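Read the figures in this text as sums done on the coordinates, not as results from a lab. Quick caveat: nothing in here was measured; it's all calculated off a predicted structure. Backbone-built Cβ (ideal geometry, glycine too); neighbour counts: all protein chains shown.
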Amino acid sequence: MTYVVTENCIGCKYTDCVEVCPVDCFYEGENVLVIHPEECIDCGVCEPECPADAIRPDTEPDMEKWVDFNRKYAEMWPVIITKKDPLPTADDLDGKPGKMEMLSEAPGEGG
């Protein structure tokens with residue numbers, strides 16, 4: 001099992017999760033975070049820390065696409081281990097459906 005970041009992180013990018021991760025497996029895009037599935041140790045401490053409920057175990061139905069999504073971008077973006085402020089759009093976009101079209105493939109700053 002692994003944990004993955006899902007669509008609800010897009011446009012929010014809360015980083016509460018990165019501070020509690022014991023293996024630093026979060027990677028930062030311009031407007032979303034991802035978890036590297038091969039680096040995640042399945043401890044689950046990140047899941048309850050996400051205010052947007054965007055972190056899910058891969059054992060839930062239809063999660064394979066999110067495992068692939070997280071793997072793809074984790075291999076392209078810098079690692080993030082320090083909590084930062086969420087995006088200014090976070091409150092407005094939290095829970096909004098259909099955010100994949102808002103995804104930026106640009107890397108974040110990391111750190």
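Give me the pairs, please: first residue somewhere in the stretch 12-28 and among the aliphatic types (A, V, I, L, M), second residue anywhere and not in a loop (DSSP other than H, G, I, E, B), beta-carbon distance under 7 Å, and either six or more positions apart or on two chains.
What qualifies is Val18/Phe26; Val20/Glu49.
If you scan the stretch 9-22, which residues turn out to be surrounded by fewer than 22 Cβ atoms within 10 Å (Cβ to Cβ) and outside any loop (DSSP other than H, G, I, E, B)?
Passing the criteria: Asp16, Glu19, Val20.
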